[in-house]
Every structure is written in structure tokens, then in C-alpha cells.
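For reference, the structure discussed in these notes is given below.
The values are calculated or read from the model by the stated rules, or taken from the named source; none is laboratory data. Being a predicted model, the structure only gives us computed values, none of them experimental. Here the Cβ positions follow ideal geometry from the backbone for every residue, glycine too, while neighbour counts run over all protein chains shown. For accessibility, only protein heavy atoms count, side chains too; no ligands or nucleic acids. Shrake-Rupley method; radii C 1.70, N 1.55, O 1.52, S 1.80 Å.
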Amino acid sequence: MFKTHFLDLPPLRSAAGTVRLPGSKSISNRVLLLAGLSEGRTAVHDLLDSDDTAVMLASLKELGCVLETGHDGVLHVTGIGAQLRQREAKLFLGNAGTAMRPLTAALALLAATQGASFELSGVPRMHERPIGDLVDALRLLGCHIDCLGNEGYPPLRLSGPSALKLDQPVLVRGDVSSQFLTALLLALPLVATEQAVVVEVTGELISKPYVHITLALLERFGIQVQREGWQRFTIPAGSRYRSPGDIHVEGDASSASYFVALGAIAANDEALRIEGVGYASLQGDVRFVEAAQAMGAQVEMGPNWLEVRRGAWPLRGIELDCNHIPDAAMTLAVMALYADSPTTLRNIASWRVKETDRIAAMATELRKLGAQVEEGQDWLRVHPLRDWQAATIHTYDDHRVAMCFSLAAFNGLQAKSDAAVPVRILDPQCVAKTFPDYFETLFSVVEARAEDIPVITIDGPTASGKGTLADQVAHALGYIILDSGSLYRACALAADRGEVDLNDGAAVAAVASELNLSFKNGRVWLDEEDISDELRLEATGLMASQVAAHPAVRTALNQLQLNFRRLPGLVADGRDMGTAVFPDAQLKVFLTASAATRAERRYKQLISKGFSANIVGLREDLESRDARDKNRAASPLLAAADAQMLDNSAQTIEESLELVLDWWAQKRPFAVQR
């Protein structure tokens with residue numbers, strides 16, 4: 001997961017491959033709550049690992065459920081059997097509506113019948129999301145609930161005991177959020193032990209497919225709810241949660257929407273395959289496929305897979321009632337930018353009470369790209385876009401905003417391809433709510449032109465601090481790191497181990513062409529062996545300088561270095577990154593520092609690692625290596641003509657980092673923001 005302040009997406013051009021979806025958020029948290037309330041032990045397969053499930057798991061553990069994860073990743077939940085183990089707890093539920101609403105209902109009923117006190121809170125945005133309709137329904141039932149901030153909003157205190165009125169229907173509004181009805185349906189079996197309990201919905205029920213998920217999962221846990229249309233639901237007398245033993249969480253259909261859209265936009269040569277949902281899915285959002293097909297996508301479906309490719313291009317504008325796909329419909333708003341006529345999304349009032357006011361958020365951010373957008377209380381109209389603008393997308397701590405707007409990076413596929421622009425996504429880690437590896441998954445199935453992938457080169461003499469600075473810059477930007485010095489050191493080490501004459505350029509080049517080298521978590525691996533410590537030895541560095549003088553070796557390693565130019569961008573450090581390997585880099589930095597300063601740094605580094613060192617000898621070695629590197633025939637050490645010179649002799653790494661990031665900001669088409 002990218003934990004940077006922002007993530008810049010360069011212009012993307014095509015999509016192909018296979019995506020395996022994470023587990024459904026809606027199903028995951030429903031299953032967890034039902035397993036936690038049930039008798040017995042439930043094995044939950046393919047559970048979503050995200051912020052929303054994390055807060056539900058923490059709450060269940062606090063309430064006395066036993067949670068055990070096996071070596072195979074399967075979570076085993078031993079439930080409380082509808083009997084409280086803890087009668088007082090303060091639960092923090094982040095911004096997870098799928099945890100806050102059902103837990104409010106369940107704990108309010110348990111507190112009323114068994115005597116307890118619970119406080120439920122979340123992040124500031126959660127305290128702005130209405131829960132008054134659910135609270136009103138529970139209060140009329142006899143539950144004692146206090147709103148600790150604003151009336152009708154979390155945080156809440158649930159206390160008891162109190163007498164419940166089960167002989168009359170429980171009334172709940174259905175036109176704000178279906179989660180209120182879902183919460184009641186999940187919780188009321190707790191009190192339907194001796195008599196049936198009826199729930200009646202007032203107003204038009206929105207998001208019916210999510211209620212369908214709830215009813216199907218209740219059936220898996222032994223609760224047969226009787227439904228009369230979508231207005232009256234009866235939980236039969238004698239209801240009791242029973243573990244199904246094993247239960248599998250299907251892939252997230254809302255998350256599938258981004259890849260269905262991706263296929264419709266960019267899978268021109270071969271289909272994009274999406275695994276985890278299909279025509280057998282419980283989730284209503286799988287019907288997003290129908291909307292994508294109406295816009296021109298070609299889709300094939302199996303029971304748990306989809307294959308999508310571009311059909312009509314540009315896409316076709318549509319007008320759609322989105323009540324049945326409220327979350328996935330957000331993706332249509334970005335697809336509309338690639339259409340031939342305006343797209344109007346209706347019946348989306350629920351967007352305004354989600355993680356953010358999604359109608360306002362989508363309209364604001366689409367306009368930043370240059371789009372013409374109109375909005376109403378429950379509708380949004382988006383016009384096609386041809387003259388795209390580079391934009392910084394504010395994500396409002398809303399995972400779906402971040403994922404939707406990643407699709408804007410394909411703007412180069414429009415008619416004015418040469419004017420393709422990058423897109424900046426602020427706070428990319430907000431996708432952790434439902435799809436922590438979203439951007440990594442996206443990058444695995446898309447391609448960009450090499451010249452569109454940004455590169456920063458940091459060159460300089462030995463011990464100038466270029467490796468440390470490059471690591472810091474790459475970390476700040478979420479870019480891939482290439483330590484070219486490690487390549488030459490690894491090549492020299494491998495050749496030496498193979499008893500190859502380091503003066504024989506052709507023989508060393510043969511070793512270089514067969515290197516099985518990888519970089520993982522700041523470590524360097526050769527043939528699955530961690531060689532990081534050996535690479536730092538002075539003797540290895542001297543051998544690296546020796547083999548780097550061979551043109552044949554440099555040629556052999558050049559393609560390997562070029563292959564590191566991958567999404568979302570690259571920071572490459574070495575001696576000739578900006579002059580020979582990546583001469584088209586958007587930013588080139590050349591570090592300078594006196595031999596005395598560099599010798600002192602290297603001395604302290606070696607001593608701290610337990611190696612013996614002589615500062616005079618180190619300085620002599622550095623001066624000798626500088627002379628050799630500057631005078632070698634192949635790619636001598638020198639600054640590129642357009643490089644930024646950075647003398648870091650008197651600078652901290654933080655100061656150097658700040659300066660490089662400022663230079664980079666000046667090169668980007670965005671307003672300065674980090």
C-alpha cells in the first residue's frame with residue numbers, strides 16, 4: 001500500500017491481464033458480526049483485510065469473541081452465543097458504517113436484555129454521518145440510547161437493562177440508508193427467541209441489493225427471515241444464530257467496478273479478466289456490468305469471473321437510475337468523461353451521507369480535470385471531456401473517490417493523445433478501507449509509454465550520500481528505487497565468487513547478463529541470498545569500480561537498469577544515470593562533497609556497523625576512485641549539462657531531501673503540494 005502524501009499517476013495507455021479481487025467489505029463485516037453472535041466456531045475464508053474489517057475484528061475481540069488465524073490465512077471466530085462476556089466497553093469504529101450501524105443495533109438490544117453499557121465512536125466524519133433513523137427505531141423498541149454529541153449522530157452510549165416492546169412492528173425509514181434496516185435484521189434475532197419480531201419500512205427502500213445480501217447471510221447462519229415485498233420483514237420466533245461451520249467471502253463487486261471500467265476504457269487488444277465475482281454473486285453491485293455494457297463495454301461472465309474489453313469508443317453517454325448500484329455508480333461518473341454525450345446518474349441521494357458527500361466531492365474533483373458537471377440533490381450529470389487538465393484530486397478520506405479517479409489517468413486515449421496529463425491522487429492510502437493493494441493491482445495490469453514514466457536521477461561520487469538521498473526521495477514519492485551501484489557491486493561479487501578475472505571485460509559481462517538480482521525492503525538479493533552487507537564492504541566497492549570500467553559490462557547491465565523504469569516512477573542513483581542510462585530524466589541531481597567530508601561519513605558508517613576503518617586510508621581510496629571514475633573511457637563520472645548541483649557537505653539528509661522535492665515540484669504540472 002502506498003503510504004505517501006500523494007501518488008502521481010502518469011498517463012496510462014492500455015490494460016490487460018488478470019485481477020484477483022479482495023473480499024467484499026459488505027459481506028465481510030456482516031459475516032464477522034453474525035459469526036461473533038453465533039454459537040460455535042466459524043471458519044471465515046477470503047476475509048477482506050482492510051480498515052473497516054479491522055475495527056469490526058477489534059470490537060468483537062473486545063466483546064469476548066475468540067479470534068484465531070490459521071497458517072492458511074483462514075480466520076476462526078468463536079462466537080459469544082448471544083450472551084454478553086463483557087458488560088462495559090468503549091469501541092472505536094473509524095469511518096466504517098458497516099460496523100457502526102449493525103453494532104449499534106446488536107449492542108443496544110444486548111444491553112437492554114442483559115444489562116450493560118457501551119460507547120461507540122469513530123473518526124470526525126463518522127460523527128457527521130446520520131444514524132438518527134436507526135436510533136429512533138431502537139428507542140421506540142425500548143432501548144436506551146444517548147447521543148453524546150449532536151442528536152442523531154455518533155458517538156453513542158447504549159445502556160440497560162430496559163424493557164423491550166416486541167409486540168408491535170419496529171418501524172425504520174428506508175430512504176436514507178439501507179444499512180439501518182440491515183442493522184435491525186442482523187440484530188433482532190437476539191430478541192426473537194420466544195416471539196416473532198416484525199420490521200416495517202417506511203418510505204421507499206433504497207439499495208435493495210444490500211438488504212438481499214443481509215437476508216442471504218442470515219439464512220446461512222440459521223435465520224429464515226420472511227419478507228413481504230420490501231416493506232415488511234418477520235424474524236420468526238425461536239430464532240437462534242448457528243454457525244455454518246465454514247463460510248467463504250466472495251470478491252468485492254464494488255471494487256470490481258474500477259476494473260470493469262478499466263477494461264471498457266483501455267483493454268483494446270485483449271480482455272481484462274476479473275476473478276472473484278460473476279453471475280452467481282450475492283452482491284447487487286455486480287449489475288454495474290449492465291451499466292458498463294450500456295456505455296459500450298464488451299463483457300463475458302462466468303459464475304465467479306468477468307472478462308471485459310473495449311467495445312464502443314468513445315463510450316456512450318447514458319441516463320441511469322443508480323439506486324441498485326449506489327457505490328459502484330461513482331465509477332460511471334469518471335467513465336462519463338470518455339463518452340460521446342452527457343451521462344446522468346439519478347437516485348443517488350445516499351451518496352451525500354457516505355464517507356463524504358460524494359455528489360459534491362465528485363462534482364468538485366471532476367471540474368478540476370476540466371469537465372462540465374451539473375449536480376442536484378440526488379443526481380449528477382457529467383459531460384464528455386476532451387481538453388484535460390492535470391489535477392490534484394482531493395480524496396476526502398474516501399476510498400472510492402481515490403479509486404474512481406485513478407481512471408482519469410487514461411486521458412491520453414482521447415483524441416488529443418499528445419496532450420495527455422498526469423493525475424495526482426492525494427492520500428492514496430485511504431484505499432485501505434476496502435482495497436489496500438488497489439494501486440499495486442492497477443499497476444500490474446496497465447501499461448504506460450516509457451517516456452511518460454517519470455524518472456529522477458541522483459548521481460555523484462562514491463560516499464556522497466546519493467544512495468541514502470535516493471531512498472528518501474523514492475519513499476516520499478512512492479517510486480521504485482534503482483541503486484545502480486548495487487548492480488555493479490553485485491556483478492563484481494558474483495564474478496569474484498565465480499573466480500572470473502575482473503580485468504576480463506567479456507567474461508564479467510557474461511556474468512552480468514545472467515544476474516538474478518532483486519531489491520526487497522531495502523535489501524539486495526542475489527539468487528535468493530541476501531548480499532546487502534557484503535555489498536557495503538570497501539573491498540566490494542573497489543571491485544565494482546574496476547568492473548564498471550568495462551564497456552561490455554556497462555552494456556550488459558544497461559538493459560537491466562532500463563527495466564526498472566516502471567509505474568508509478570523511478571528514482572535512480574549512480575554515477576551516470578542522468579548522462580548515459582536515463583538522459584531523458586525529468587529531474588537530474590548531481591551530488592558533490594569534498595573527499596574529506598565523504599571519508600568522514602564512510603568512516604562513521606563502517607565503525608557503526610562494527611567494521612574496522614582508517615579515515616586517512618578511506619580518503620586516499622576515495623580520491624583514487626574519483627580520479628579513476630572521472631577518467632574512464634566508458635561513461636565517465638560527470639554532471640549532466642541540465643543537472644541540479646547539490647553540495648551536501650554541510651547539509652543534513654532532511655535538508656537535501658527537502659531541496660530535491662522542491663525541485664521536483666517545480667517540474668510537475670500541479671500546484672506545489674506535498
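Values for this structure:
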| quantity | calculated |
| --- | --- |
| For region 515-606, convex hull of alpha carbons as volume per residue, Å³ | 137 |
| Whole-Hz couplings from phi, Karplus 6.51/-1.76/1.60, listed for region 542-550; x for Gly and Pro | 5, 5, 4, 5, 5, 6, 5, 6, 8 |
| Rg to Rh, two decimals, where the chain supplies the alpha carbon set and Rh follows Kirkwood | 1.06 |
| Highest average packing first - 171-181, 266-276, Cβ atoms within 10 Å | 171-181, 266-276 |
| Per-bin percent of Cα-Cα distances, region 7-93 [5 Å] | 3, 13, 21, 21, 14, 8, 6, 6, 4, 3, 2, 0 |
| log₁₀ of I(q)/I(0) at q = 0.10 Å⁻¹ - region 180-271, Debye sum with one point per alpha carbon | -0.39 |
| With eigenvalues of the C-alpha gyration tensor scaled by 5 and rooted, region 141-220, Å | 21, 18, 12 |
| Region 521-674 - percent of accessible surface contributed by carbon and sulfur, probe 1.4 Å | 51 |
| Accessible area per residue, Å², region 508-581 with all protein chains present, probe 1.4 Å | 42 |
| Mean projection area, nm², convex hull over Cα of region 573-660 | 6.6 |
| Sequence-distant residues sharing a close amide H with residue 574 (under 5 Å, placed H) | 458, 459, 460 |
| Phi-based couplings in Hz for region 378-383 (Karplus 6.51, -1.76, 1.60; Gly and Pro marked x) | 9, 8, 8, 10, 10, 9 |
| Rounded to 10°, Cα long-axis angle of helix 97-114 versus longest principal axis of the chain | 40 |
| Debye log10 I(q)/I(0) for region 40-147, one point scatterer per Cα, at q = 0.09, 0.11, 0.23 Å⁻¹ | -0.25, -0.37, -1.34 |
| Mean-position separation - Cα centroids, region 526-604 and region 328-395, in angstrom | 45 |
| Computed over region 362-500: relative contact order in percent, which uses C-alpha pairs under 8 Å that are six or more apart | 15 |
| P(r) histogram, all alpha-carbon pairs of region 534-586 included - 10 Å bins from 0, percent | 20, 48, 28, 4 |
| Percent RCO, i.e. relative contact order, over the chain, from Cα pairs under 8 Å lying at least 6 residues apart | 13 |
| Region 190-291: chymotrypsin sites (Phe, Trp or Tyr not before Pro) in DSSP coil with no more than 13 other Cβ atoms inside 10 Å | 279 |
| Region 444-601: equivalent-ellipsoid semi-axes (sqrt of 5 x gyration tensor eigenvalues, Cα, Å) | 24, 19, 15 |
| Span per principal axis, largest first, for the Cα atoms of region 301-363 (Å) | 33, 32, 17 |
| Whole-angstrom Cα spans of region 110-150 along principal axes, big to small | 31, 19, 13 |
| Helix 615-631 vs. the chain, principal-axis angle (Cα, 0 to 90°, nearest 10) | 80 |
| 19 Å tail of the calculated P(r), region 194-326, as % of Cα pairs | 59 |
| Rg/Rg_globular for region 509-564, with Rg_globular taken as 2.2 N^0.38 Å and Rg from C-alpha atoms | 1.16 |
| The chain: antiparallel DSSP beta bridges as a percent of all, rounded to 5 | 55 |
| Whole-number accessible area per residue in Å² for region 278-381, which is evaluated in the context of all protein chains at 1.4 Å | 34 |
| Rg ratio (alpha-carbon, reference 2.2 N^0.38 Å) - region 408-464 | 1.55 |
| By average C-beta atoms within 10 angstrom, highest first, the peptides 369-378, 321-330 | 321-330, 369-378 |
| Computed helical MRE - 222 nm, the chain, DSSP H runs ≥ 4 contributing -39500 (n - 2.57), nearest 500 | -11000 deg cm²/dmol |
| Cα centroid separation - region 1-37 against region 75-103, whole Å | 23 |
| Spread of Cα-to-Cα distances over 10 Å intervals beginning at zero, given as percent, for region 600-644 | 25, 34, 30, 12 |
| Accessible area in square angstrom per residue, region 119-236, 1.4 angstrom probe | 40 |
| Placed amide H near residue 390: partners under 5 Å, 5+ positions off or other chain | none |
| Per-peptide average of other Cβ atoms within 10 Å, ordering 13-24, 298-309, 653-664 highest first | 13-24, 298-309, 653-664 |
| Degrees between helix 595-608 axis and first principal axis of the chain (Cα, 0 to 90, nearest 10) | 50 |
| Region 314-457 - convex hull of alpha carbons, volume per residue in Å³ | 115 |
